[in-house]
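Please treat every number below as a calculation from the coordinates, not as lab data. The structure presented is a predicted model; accordingly, all values stated were derived computationally and were not measured. Cβ atoms come from the backbone with ideal geometry, glycine included; neighbour counts cover every protein chain shown.
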Amino acid sequence: MSDLPTRINSAARVRFTDPGEVARGAPAMSGSYISESVPAPARVPPLKLLRFPAVRERTGLSRSTIWRLERIGEFPRHRKIAPNVVAWVEEEVSNWIRSRTDAVAS
């Protein structure tokens, strides 16, 4: 068990070297395993869709105000996610709220 590598924070790739690679000048010993460190992929936050009650709760706006603002282009557009079902992208709604609060604070 003491021959096992220690845990690392990035992804690791292990490959088996071909004995013929040594003859071609590969830096590894014949027939050995080589551990190569590969950087971990950047984490992308998942998209979250908000249904109307969540949008209304977060913004404090009424149904008619949200639809009116959306129609004139002052609120993020909804997405049709299924027949008779719409939702808004959480990040777009959060950015809209931030822009409104920044405008009031200025």
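Values as computed for the structure displayed
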{"read-out": "Order of Ile66, Ile81, Ile72 - criterion: other Cβ atoms within 10 Å of each residue's Cβ, fewest first", "value": "Ile72, Ile81, Ile66"}
{"read-out": "Sorted by Cβ density within 10 Å, fewest first, the residues Trp67, Trp96", "value": "Trp67, Trp96"}
{"read-out": "Computed label-point distance, nm, for sites Ala42 and Ile81 using a 7 Å Cα→Cβ extension", "value": "2.6 nm"}
